[in-house]
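Reviewing the structure listed below.
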């Protein structure tokens with residue numbers, strides 16, 4: 001499916017001209033766990049197609065998570081109807097709920113807390129209504145565990161493999177994450193997350209192509225694109241991929257909901273903004289080898305830098 | 001694998017096989033020196049029924065709090081014994097597990113989620129389910145009891 005990238009809705013992630021791993025979370029001004037963008041319908045259809053064709057890849061849950069899944073469903077429905085009242089409506093009669101998705105012309109009647117009245121598990125159901133990937137991190141014994149998730153657009157990781165892992169186990173493959181003490185700092189930050197005070201951070205990578213579904217399970221297909229990048233095709237072919245990650249404490253279960261909204265923007269469009277072009281060029285030029293390697297840029301970073309340099313020298317920006 | 005003496009316990013139980021004795025000997029000597037009660041079980045190449053017949057399961061059930069276990073077995077047998085001990089109710093703080101001999105590990109295929117058993121020292125294998133070449137990482141899942149295998153070459 002050819003995606004339409006949209007510069008107006010693109011969450012450009014950089015503030016400085018150097019990039020390092022950090023806890024770059026910011027307290028959210030508007031406590032909304034989801035965002036509906038102009039690509040809503042096409043992304044929801046893609047999510048549902050992936051969930052149908054690859055259910056084990058895209059949804060996993062441990063048996064003890066049902067109550068927390070309902071809590072997530074309630075939170076997200078609340079955000080949908082509050083922040084997008086024209087597209088989403090909820091009618092309640094006690095525990096009999098009727099959720100209307102006008103954007104997709106769908107209606108779901110169910111009994112709150114009774115899983116058999118939903119077509120899927122609560123987290124899987126509500127994930128099919130929003131563009132975000134949804135991860136449930138269970139908090140117990142002073143640690144966080146990946147207890148459930150609906151993940152259709154992962155940045156090269158596997159939900160099926162990471163299920164049940166602790167926070168540090170999940171991040172074990174990131175070079176320097178432990179050595180620089182980031183694992184403890186971020187874990188402590190997350191453990192102290194308060195209900196009603198959600199946080200947001202942005203993460204980025206470069207994608208050779210415009211797939212949202214960059215799962216580890218399909219890396220042998222889309223990873224080959226990294227070998228095809230040249231300074232000539234980089235503008236159209238390579239995309240800056242940004243994840244807007246939001247963190248919500250779930251007050252009933254004391255777990256954490258982690259929502260991930262993935263955005264793509266072609267380098268050609270990015271380079272149309274002179275300040276973005278200059279900044280991103282400097283970031284890539286300066287990026288340390290261990291980050292280049294972990295972000296999977298080794299094969300095409302030089303071609304991208306050549307492309308950005310060419311755009312800088314040509315002065316063809318707005 | 002290093003084994004260390006956990007001092008101050010009420011009683012020690014050693015579960016081992018013939019080749020595990022040299023590993024546990026320094027600890028056994030220390031326990032004898034400190035005159036703390038201990039018991040020893042040999043489970044050399046036994047079937048599950050034979051292991052039960054040694055009385056080990058019953059013995060472990062009957063211990064009081066403060067009993068500490070040392071388990072030194074070939075890797076292949078260590079996993080089953082670990083599962084039995086946890087099932088009885090011992091925590092990881094109440095036992096040390098020492099594996100020896102050739103070790104097999106499981107590799108989780110990043111593409112098809114198939115599990116392939118291989119030697120610990122292998123760096124690359126072929127997934128037995130989808131035939132993808134896998135590079136074995138050190139990323140381990142205790143839920144899957146497997147290491148993650150990445151695409152070996154694009």
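Of the residues B:43, B:107, A:82, the one with the fewest other Cβ atoms within 10 Å heads the list, and the complete ranking is A:82, B:43, B:107.
Taking a ≥ b ≥ c as the square roots of the eigenvalues of the Cα gyration tensor, the stretch A:169-318 is classed as prolate, since a/c reaches at least 1.5 and a/b is larger than b/c. Rg and Dmax of the stretch B:64-113, based on Cα coordinates, read 14.0, 47 Å. FRET efficiency for residue B:10 and residue B:83, Cβ-Cβ distance as r, R0 = 22 Å, nearest 0.05? In this case the efficiency is close to 0.35.
Residue by residue along A:156-164, Cβ atoms of other protein chains within 10 Å of the local Cβ number 5 on average. Take the Cα of residue A:254, step 7 Å toward its Cβ, do the same at residue B:34, and the gap between the two points is 3.5 nm.
Using a ≥ b ≥ c from the Cα gyration tensor of the stretch A:198-282 (square roots of the eigenvalues), is it rounded, prolate or oblate, where a/c under 1.5 gives rounded and otherwise the larger of a/b and b/c decides, a/b for prolate? Here the stretch A:198-282 falls in the oblate category.
Just rank B:127, A:152, fewest to most, by other beta-carbon atoms within 10 angstrom.
On the way: B:127 21, A:152 28.
If I rank by nearby Cβ atoms, fewest first, I get B:127, A:152.
The radius of gyration of the Cα set in the stretch B:1-105, together with its Dmax, comes out at 12.9, 39 angstrom.
Taking a point 7 Å from the Cα of residue A:56 along the Cα-to-Cβ direction, the residues of the stretch B:77-121 with backbone N closer than 19 Å to it are B:106-118.
Per residue and in cubic angstrom, what volume does the convex hull of the Cα atoms of the stretch A:24-87 have? Provide the component values of the computation, followed by the final result.
Numbers: hull volume 9.7 nm³, N = 64.
In the stretch A:24-87, the Cα hull volume divided by residue count equals 151 Å³.
With no solvent and one equal point scatterer placed on each C-alpha of the stretch A:9-59, evaluate the Debye formula and give log10 I(q)/I(0) for q = 0.15, 0.20 Å⁻¹, two decimals. For the stretch A:9-59 at q = 0.15, 0.20 Å⁻¹, log10 I(q)/I(0) is -0.75, -0.94. If you bin all the Cα-Cα distances of the stretch A:170-234 at 10 Å, starting from zero, the percentages per bin are 15, 31, 29, 20, 5. Here the Kirkwood formula puts the hydrodynamic radius of chain A at 20.6 Å, using every distinct Cα pair.
Residues of B:137-144, mean number of Cβ from any other protein chain within 10 Å of their own Cβ, rounded to a whole number? It would help to have the intermediate numbers written out before the result.
Details: counts 2, 2, 10, 4, 9, 4, 11, 6.
That average works out to 6.
Starting from the Cα coordinates of the stretch B:69-154, work out the convex hull volume and express it per residue in Å³. Before the final figure, lay out each step's value.
On the way: hull volume 8.2 nm³, N = 86.
Per-residue hull volume (Cα only) is 96 Å³.
Ordering A:66, A:262, A:41, B:118 from the fewest to the most neighbouring beta carbons within 10 Å gives A:41, A:66, B:118, A:262.
Its alpha carbons considered, the stretch A:47-124 gives a radius of gyration followed by a Dmax of 13.2, 36 Å.
Report the FRET efficiency, 1/(1 + (r/R0)^6), for residue A:314 and residue A:201, where r is their Cβ-Cβ distance and R0 is 30 Å, rounded to 0.05. Please list the in-between numbers first.
Working: r = 34 Å, r/R0 = 1.13.
For residue A:314 and residue A:201, the calculated efficiency is 0.35.
When the Cα atoms of the stretch A:137-245 are aligned to their principal axes, the ranges along those axes come out at 51, 30, 25 Å in descending order. Take every DSSP beta bridge whose two residues both sit in the protein assembly as shown; close to 75 percent of them are antiparallel.
Quick check on packing: order A:187-193, A:72-78 by the mean number of other C-beta atoms within 10 Å, highest mean leading. Don't skip to the end; give the middle numbers.
Numbers: A:187-193: 14.4, A:72-78: 21.0.
The peptides rank, most packed first, as A:72-78, A:187-193.
Computed from the coordinates by the stated procedures, all read-outs in this text should not be read as laboratory data. What you are looking at is a predicted structure, and each value in this text was computed from that prediction instead of being measured. Quick reminder, even Gly has a Cβ in these numbers, built from the backbone with ideal geometry, and neighbours come from all protein chains shown.
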